[in-house]
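Contents: one structure, followed by commentary.
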Amino acid sequence: MTTRYEAVIGLEVHGQLHTKTKMFCGCSTAYGLPPNTAICPVCLGLPGALPVPNRQAIALAVRAGLALGCTVRQSSRFARKNYYYPDLSKGYQISQFDLPLNEKGHLDITTSAGTKRVGITRIHVEEDAAKNLHGAGAGTDTLVDFNRAGTPLIEIVGEPDLRSAEEAEAYLRALRDVLMFTGVNDGNLEEGSFRCDANVSIRPVGQEKFGTRCELKNINSFKFVRKAIEFEIARQEALVSSGGKVVQETRTWSSTQEKTLSLRSKEEAQDYRYFADPDLPPLVVDDAWLAEIRVSVPEPVVARRERWQRELGLTAYDAQVLTSHPRIAEYFEAASASLERALGGKLSRDKAGKRVANFIQAEALRVVSTSGLDASFPCSAERIAELLALVEDETINGKIAKDVFVDMVATGKAPKDIVAQKGLAQVKDSSAIEQTVRDVVAKHPKELASFKAGKAAVKGFFVGQIMRALKGANPALVNDVLERVLAEG
Amino acid sequence: MLHAASASALRERVVSGELRAVDIARSALDQIVGADARIGSFLHVDGEGALAQAAAVDRARAAGETLGPLAGVPIALKDNLCVRGVPATCASKILEGWIAPYDATVVERLRAAGAVIVGKTNMDEFAMGSSNETSAYKLVHNPWDLSRAPGGSSGGSAASVAAGMAPLSLGSDTGGSVRQPAAFCGLVALKPTYGRVSRFGLIAFASSLDQIGPFARDVRDCAIVSEVISGRDPRDATSVDLPVGSYVSELGRDVRGLRVGVVRSTLAEGCEPGVVSAIDASIDTLRRLGCEIVDVALPTAEHAVSAYYIVAPAECSSNLARFDGMRYGPRVESPDLLETYGKTRALFGREVRRRIMLGTYVLSAGYYDAFYAKAQKARTLISRDYAAAFERCDVVLTPTAPSVAFGLGAKTKNPLEMYLADIFTLPPSLAGLPAISVPCGLSDGLPVGLQLTAKAFDEGTLFRVASAFEHATDHHAHRAPGFATASVGGAA
Ligand SMILES: [Zn+2]
């Protein structure tokens, strides 16, 4: 009988806190600046320089903790993690160790198997290292760019509650959503502001004790997370099934070879000699500050999707698409609220929501671009509402609205102005329509005769002629009037 | 003779127009040229910078501006303080050639007060030592007896003031490094409460203990400069936001009824007889002034030396990790990264390497609880002892050091014996309390220091008692023979 195995996976995620300045100094955190231009004595670790915590970074870390259901430790401590590497300016990293800022949280994930709650062990604050640029100098020299040194990070340590690569990916996506929607992190995997390490082990199904784990590093996309973990589970299963043993080690995902490779074994593991950083007093988040941060935590993204389905007439798919980015979600909410207001209750909330959702998905998203937590929209959400209000009150029809939107994007003009300047308004005045209908019918006695003779298709000819003469009108209205006039005949 | 004048007197004469700051600076620089070859107290003299700062003071006066409390007063700074554009070596080969690109907070405050920085003083390497003999560059000779040590680790700062090269200097005190050399050189020095003076720009030895403290030849000068450098600094997260108060206004105040705590048990043990008799006489003086003398006990203070030699090396092992040759200072290049680290860091001297190894060991997995955690507990207990003592008294009186200045080379072979030179200065350091050392007599012609310790942030009371004591005695008037009357430089 062959043994069946299950995977045990826990993720450690490093997220850059979305601040303007670094964790312990006033240097900029902007990405892509020329090397070594955002540096000072503090982040360079010059002799005599001292760290001072960034209050905004702490507030964001607490916000992340609250959004993930953690208990916030109101007096936590910074600790030094001691090791040598050229990208580490002080010979130690300021992190947190035995007294982290947040503990005991959770995150709900949804996979094909349903919804599951995943535990979060802790979320602590730390500073990033600099960036080694190998071979950037003359010959084989390694140069170091200290712009990144001291960037504020949170490390989110998840419980080993995940059982498949699919769950791991779902966890990571859900976590990214939470961090982006709370404004804590910009979710940018390419720029490395959202990074993930995975601890993977296997054990026979039914066994409680964990197997020996391997740590996977450098997995920088959702696709690779899934592939790397799938590969690693298969590797460990093959190893154990053939009588081998998993060795505790750090492995890295090679996207070119599509497999995990050994980086270093546990024997080379370092003793970091953690101790409380004597340069930094206990990190105190008092009741007033905690309350202030609590108020700043927005509605959870999952709750928002449910509410939109319940109140704004969206499908689950709509809600998913419109929460692909926090700014898009805000845009949608602003536009649908604005439309509802503009129509003064003539359209129910769910119908207004659904109209806006459809239009944004079909037209607007094509011209929205996002970068980190920012997004640029072709026009304000209010303009979208103004445009859709024109459709609602039958000034223009849905097809014309698309053309008007193209004009709005190109010129930045208000939809009303475009409609007026281009004469796109439908004729709504039924007496004006009746006059034209009578004129057209009078001018085509032959066609009228064949209609009377039972050729119903001739009606279409009349509609075309009338619409051309009116340069746009409400088709339903034209139809009504035409039928009446023909019946008189 | 300018070099014998006090800071307060020099400032008066600058304000009145009797003296130009530039002339005072020249006189100090001349005295350094004339005397420091014998003493060895300076590692770097900044003549050009000093004259420029002095000229700025003279210009400010000519423009009718209000002059600061240290206008035109020369001051020497320990070489672990950063002064923009000036070398800072910590008396170590590992920082040879490094020029600080920024000013320490205390330097900014001194500049704003009109002080004239004349140079950087010799010290034990990275402030690790009690005799200044671990300097990688040269020895410092005690101006009172050139064959003796000036004390440490701020030996150069002490000797420069004792030898009349500047009326003031700054040192740093981790376990006694301003108080003990002040005692050995017959000076007044304050170790402020931890958190009172910003450490920004002080190259760290042990961050939870380090405080910058001044040397002066009398209590008034010490009070003036202490006031200038104290106060909250947003760049040091451990600096405390409490009003500093006026130290100078404490001078000359009555001390009748003040309770002085004496720790009888430790006094006799291991102290030279000359020190014991000077202290006994000091107790009598304070009693005569109307102080109430009470017995107090500090039972856990006996563990101070062991606790200190765990905490301080632990912090130093981490603080000194940044000296890896990667970003500044010399690098001993090797094809292998680890070897480069090893060879570069071999530039540290023996005592520094000893403490880095000790500190690395006590923080290691499996040893942390037995050593570091226990030493932290000892600190808490020592603080509690003081809290209990301060229920009964306002200041605690002890000798500053168990002996007068010892001979150069006398203790270098035995680090443990050297460590014991700090038995009286370590307990206040571990408890973070303010302590002052004032001259209290001579033993065989060498100065003895009296240490007074007060409650946290109660420097005012220290100055009050020290000032009354100084007023009632003439100990501070004793000058190092050979440096008391030497006339060098252009007096006005
Ligand atoms: Zn910086």
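Remark: mean inter-chain Cβ contacts per residue of B:101-112 equal 1, using a 10 Å Cβ-Cβ cutoff to other protein chain atoms.
Hey, with R₀ at 56 Å, roughly what FRET efficiency would B:Arg259 and B:Ala63 work out to, going by the Cβ-Cβ distance, to 0.05?
Details: r = 49 Å, r/R0 = 0.88.
Rounded to the nearest 0.05, the efficiency is 0.70.
When Lys and Arg each count +1 and Asp and Glu each count -1, what net charge do the other residues less than 15 Å away from B:Ala76, Cβ to Cβ, add up to?
Values: positive: B:Lys78, B:Arg111, B:Lys120, B:Arg217; negative: B:Asp30, B:Asp36, B:Asp46, B:Asp79, B:Asp221.
Residues close to B:Ala76 contribute a combined charge of -1.
Per-residue 3J(HN,Hα) values for region A:205-217, derived from phi via the Karplus relation 6.51 cos²θ - 1.76 cosθ + 1.60 with θ = phi - 60°, read 4, x, 7, 8, 5, 6, x, 6, 9, 10, 9, 9, 10 Hz in sequence order (x marks Gly and Pro).
Would you mind telling me the antiparallel percentage of the DSSP bridges in chain A, rounded to 5? DSSP beta bridges in chain A are roughly 90 percent antiparallel.
Gap in Å between the Cα centre of region A:287-329 and the Cα centre of region B:132-146? Here the two parts' Cα centres lie 69 Å apart.
For the set A:Arg294, B:Arg148, solvent exposure ranked by accessible area (probe 1.4 Å, protein chains only) runs largest to smallest as A:Arg294, B:Arg148.
Accessible area, 1.4 Å probe, largest first: how do B:Val448, A:Val144 sort? If you can, show how the numbers build up before the last one.
Values: B:Val448 5, A:Val144 35 Å².
Of B:Val448, A:Val144, the descending order of accessible area is A:Val144, B:Val448.
Straight-line cross-link partners of B:Lys413 among the lysines, defined as a Cα under 29 Å from its Cα and at least 8 positions apart when in the same chain: B:Lys78, B:Lys93, B:Lys120, B:Lys138, B:Lys191, B:Lys343, B:Lys374.
May I ask for the Rg/Rh ratio of the protein assembly as shown, computed from Cα atoms with Rh as the Kirkwood radius, given to two decimals? Intermediate values should be presented prior to the final figure.
Numbers: Rg = 38.7 Å, Rh = 33.4 Å.
We get a ratio of 1.16 for the protein assembly as shown.
Interface burial in region B:296-319 reaches 40 Å² or more for B:Ser318, comparing the full protein assembly with the chain by itself; accessible area from heavy atoms with a 1.4 Å probe.
Peptide A:47-60 has a mean of 5 when you count, residue by residue, the C-beta atoms of other protein chains within 10 Å of its C-beta.
Taking the square root of 5 times each eigenvalue of the Cα gyration tensor, what semi-axes in Å does the equivalent ellipsoid of region A:213-306 have, largest first?
Values: eigenvalues 297, 122, 29 Å².
In descending order, the three semi-axes are 39, 25, 12 Å.
Counting heavy atoms of the protein chains alone, A:Phe181 has an accessible area of about 20 Å² for a 1.4 Å probe. Largest first, the residues A:Leu477, A:Leu107 sort by 1.4 Å accessible area into A:Leu477, A:Leu107.
Which value, in debye to the nearest 20, gives the size of the charge dipole of the protein assembly as shown about its Cα centre, when Lys and Arg are +1 and Asp and Glu are -1 at the Cβ? Write down the numbers at each step before the final one.
Working: 111 positive and 113 negative charges, 425 e Å.
Dipole about the Cα centre, nearest 20: 2040 debye.
Calculated on the alpha-carbon coordinates, the convex hull of region A:430-488 measures out at 69 cubic angstrom per residue.
Our compactness index for region B:195-286, the C-alpha radius of gyration over the empirical 2.2 N^0.38 Å, is 1.41.
Given the whole protein assembly as supplied and a 1.4 Å probe, what does the accessible area of A:His18 come to in Å², nearest 10? Here the accessible area works out near 90 Å².
Can you give the helix-only mean residue ellipticity at 222 nm for chain A, where every DSSP H stretch with n ≥ 4 adds -39500 (n - 2.57) and the sum goes over all residues, rounded to the nearest 500 deg cm²/dmol? Each step should come with its number before you reach the end.
Working: 15 runs with 191 residues, N = 489.
So the helix-based figure for chain A works out to -12500 deg cm²/dmol.
Starting from the Kirkwood Rh over alpha-carbon pairs, what translational D in µm² s⁻¹ does region A:299-422 have by Stokes-Einstein at 25 °C and 0.890 mPa s? Before the final figure, lay out the partial values.
Working: Rh = 14.6 Å.
So the translational diffusion coefficient is about 169 µm²/s.
The alpha carbons of region B:400-492 give a radius of gyration and a Dmax of 16.4, 49 Å, in that order.
May I ask you to give the percent of accessible area on the protein assembly as shown that is carbon plus sulfur, with a probe radius of 1.4 Å? Spell out each step's value before the answer.
Values: 20720 of 39390 Å².
Within the protein assembly as shown, the accessible surface is 53 percent carbon and sulfur.
Around the Cα centre of region A:351-415, unit charges on the Cβ atoms of Lys, Arg, Asp and Glu (plus for the first two, minus for the last two) sum to a dipole of about 200 debye.
What whole-number value in Å² describes the accessible area per residue of chain A for a 1.4 Å probe?
On the way: 22820 Å² over 489 residues.
Each residue of chain A exposes 47 Å² on average to a 1.4 Å probe.
For A:Val205, the solvent-accessible surface with a 1.4 Å probe is about 80 Å², rounded to the nearest 10.
For n ≥ 4 DSSP H runs only, could you compute -39500 (n - 2.57) per run for chain B, divide by its residues and tell me the 222 nm figure to the nearest 500? List each step's numbers first, then the result.
On the way: 16 runs with 183 residues, N = 492.
-11500 deg cm²/dmol, from helical runs alone.
About its Cα centre, how strong a charge dipole does region A:105-235 have in debye, to the nearest 20, once Lys and Arg get +1 and Asp and Glu get -1 at the Cβ? Kindly include the intermediate steps, with their values, before the conclusion.
Details: 17 positive and 21 negative charges, 98 e Å.
Rounded to the nearest 20 debye, it is 480 debye.
For chain B, count the residues as N, evaluate 2.2 N^0.38 Å, and divide the Cα radius of gyration by that value, please.
On the way: Rg = 21.2 Å, N = 492, 2.2 N^0.38 = 23.2 Å.
Rounded to two decimals, the normalised Rg is 0.91.
Association of chains B and A removes close to 2600 square angstrom of accessible area from solvent, both sides included, for a probe radius of 1.4 Å. Note on region A:346-489: Cα-Cα pairs beyond 27 Å make up 39% of the total pair count.
Taking Lys and Arg as +1 and Asp and Glu as -1, the other residues whose beta-carbon sits under 14 Å from that of B:Leu251 total -4. Between the C-alpha center of region A:425-489 and that of region B:400-457 there is a gap of 112 Å.
A dipole drawn for region B:285-441 from +1 and -1 charges on Cβ atoms has a positive end, and of B:Tyr361, B:Ala387, B:Val294 the residue lying farthest that way is B:Tyr361.
Considering only the Cα atoms of chain A, their convex hull presents on average a projected area of 34.9 nm².
The values are calculated or read from the model by the stated rules, or taken from the named source; none is laboratory data. The shown structure was predicted, so the numbers you read here are calculated from the model rather than taken from an experiment. A quick note on method: Cβ atoms are made from the backbone with ideal geometry, for glycine too, and the neighbour counts reach across all protein chains shown. Side chains included, ligands, DNA and RNA excluded: accessible areas come from the protein's heavy atoms. Shrake-Rupley method; radii C 1.70, N 1.55, O 1.52, S 1.80 Å.
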